[in-house]
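> The structure's right below; bear with me while I get my questions together.
The values are calculated or read from the model by the stated rules, or taken from the named source; none is laboratory data. The model shown is predicted, which means the values in this text are computed figures rather than measured ones. A quick note on method: Cβ atoms are made from the backbone with ideal geometry, for glycine too, and the neighbour counts reach across all protein chains shown.
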Amino acid sequence: MKPKAKKAVKKKVTPKTKVRSKKYQEARKKVDRKRLYSLPEAIKLAQETSISKFNGSIEVHLVVKETGLKGGIKFPHPTGKQTKIAIANEALLKKIEQGKIDFDLLLATPAMMPKLTKYAKILGPKGLMPNPKAGTITDKPEETAKKMAGKTQFKTEVKAPLIHLVIGQVNSKPQELEANFKILIETVGINKINKAIITSTMGPGIKVDLTSI
């Protein structure tokens with residue numbers, strides 16, 4: 001009898017654990033993970049725990065109750081980031097086909113929508129496909145673009161109830177960051193939010209007590 005061939009044993013691949021820098025670890029020690037901080041405390045701590053060599057952003061990450069939330073916010077103070085708005089035309093369609101997407105919001109006329117459907121698989125996962133509910137399908141895209149230009153657009157991730165938004169810079173005045181944070185919560189709707197976290201670029205997350213605002 002021929003000896004039975006040994007079955008190849010697949011080696012288990014252990015995922016690599018992300019190693020944080022010493023600067024991050026030191027900054028993380030300043031934050032109590034279990035604590036909910038008042039808004040002024042959270043902003044102060046986010047600025048103090050910034051570890052980037054450049055003037056980073058102050059970001060807010062919201063865990064909301066459903067996907068599909070989107071809208072525009074007119075912040076009372078500069079955030080350091082502007083929403084890039086594009087209007088669908090033949091030239092832009094060629095760029096999209098080449099994978100060149102350098103905009104945050106896309107407007108289109110009803111007549112252009114049949115041509116855009118070809119790129120739904122590209123634009124849809126990024127949340128960029130125009131739709132009537134968001135007001136991004138319009139007969140007057142140029143006028144709509146001007147109205148939206150002063151606003152920062154927000155939206156949940158396509159498959160997760162998460163919203164990520166910049167509300168200012170590390171060197172922004174604390175009271176300006178507070179005002180921007182409050183208008184964000186008011187616009188999204190505090191009753192639609194489960195959790196709010198403030199962080200600086202590359203810094204640790206700080207949980208905010210929404211009852212403190």
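This table checks each residue for (1) under 25 Å from Lys22 (Cα atoms); (2) part of a helix (DSSP H, G or I); (3) touching a helix residue (DSSP H, G or I) at 6+ places or on another chain (Cβ under 8 Å); (4) assigned by TED's automatic domain parsing to the domain that holds His61.
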residue	(1), (2), (3), (4)
Lys159	no, no, no, yes
Gln175	no, yes, no, yes
Lys182	no, yes, yes, yes
Glu186	no, yes, no, yes
Lys195	no, no, no, yes
Met202	yes, no, yes, yes
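> What single numbered condition from (1) out of contact with any helix residue (DSSP H, G or I) (no Cβ under 8 Å at 6 or more places or on another chain); (2) at pLDDT 95 or above; (3) among the acidic types (Asp, Glu) fails to hold for Glu142?
Glu142 satisfies all of (1) out of contact with any helix residue (DSSP H, G or I) (no Cβ under 8 Å at 6 or more places or on another chain); (2) at pLDDT 95 or above; (3) among the acidic types (Asp, Glu) except (2).
> If Glu48 passes every condition in (1) free of Cβ contacts under 8 Å to residues at least 40 places away in the same chain; (2) not assigned by TED's automatic domain parsing to the domain that holds Val208 but one, which one does it miss?
(2)
> If you go through the stretch 7-43, how many residues are at pLDDT 85 or above, outside any helix (DSSP H, G or I) and of a type in the set (A, V, I, L, M, F, W, C)?
2
> Name every residue in the stretch 52-70 that is surrounded by fewer than 20 Cβ atoms within 10 Å (Cβ to Cβ) and in a loop (DSSP other than H, G, I, E, B), in order of residue number.
Selection gives Ser52, Lys53, Phe54, Asn55, Lys65, Glu66, Thr67, Gly68, Leu69.
> Any residue in the stretch 164-189 that is in contact (Cβ under 8 Å) with a residue 24 or more places away in the chain sitting within a Cβ distance under 7 Å of a residue that is of a type in the set (Asp, Glu) and in a helix (DSSP H, G or I)? List the pairs, counting only those 6 or more apart or interchain.
Gly168/Glu176
> Could you please let me know if Thr138 is more than 13 Å from the chain's Cα centre (by Cα) and among the polar types (S, T, N, Q)?
yes
> Next question. Which residues, taken from the stretch 190-203, are surrounded by fewer than 21 Cβ atoms within 10 Å (Cβ to Cβ), touching a residue at least 40 places away in the same chain (Cβ under 8 Å) and either among the polar types (S, T, N, Q) or closer than 17 Å to Leu45 by Cα (or both)?
Asn194, Ile197, Thr201, Met202, listed by residue number.
> Among the residues in the stretch 88-97, are any in the same structural domain as Val166 (by TED's automatic domain parsing) and out of contact with any strand residue (DSSP E or B) (no Cβ under 7 Å at 6 or more places or on another chain)?
No, because not a single residue in the stretch 88-97 is in the same structural domain as Val166 (by TED's automatic domain parsing) and out of contact with any strand residue (DSSP E or B) (no Cβ under 7 Å at 6 or more places or on another chain).
> List the residue pairs whose Cβ atoms are under 7 Å apart, where the first residue sits in the stretch 24-42 and is touching a residue at least 24 places away in the same chain (Cβ under 8 Å), the second is small (Gly, Ala, Ser), and the two are 6 or more positions apart or on different chains.
From residues that are touching a residue at least 24 places away in the same chain (Cβ under 8 Å), the pairs are Ala27/Gly203; Ser38/Ser212; Leu39/Ser212.
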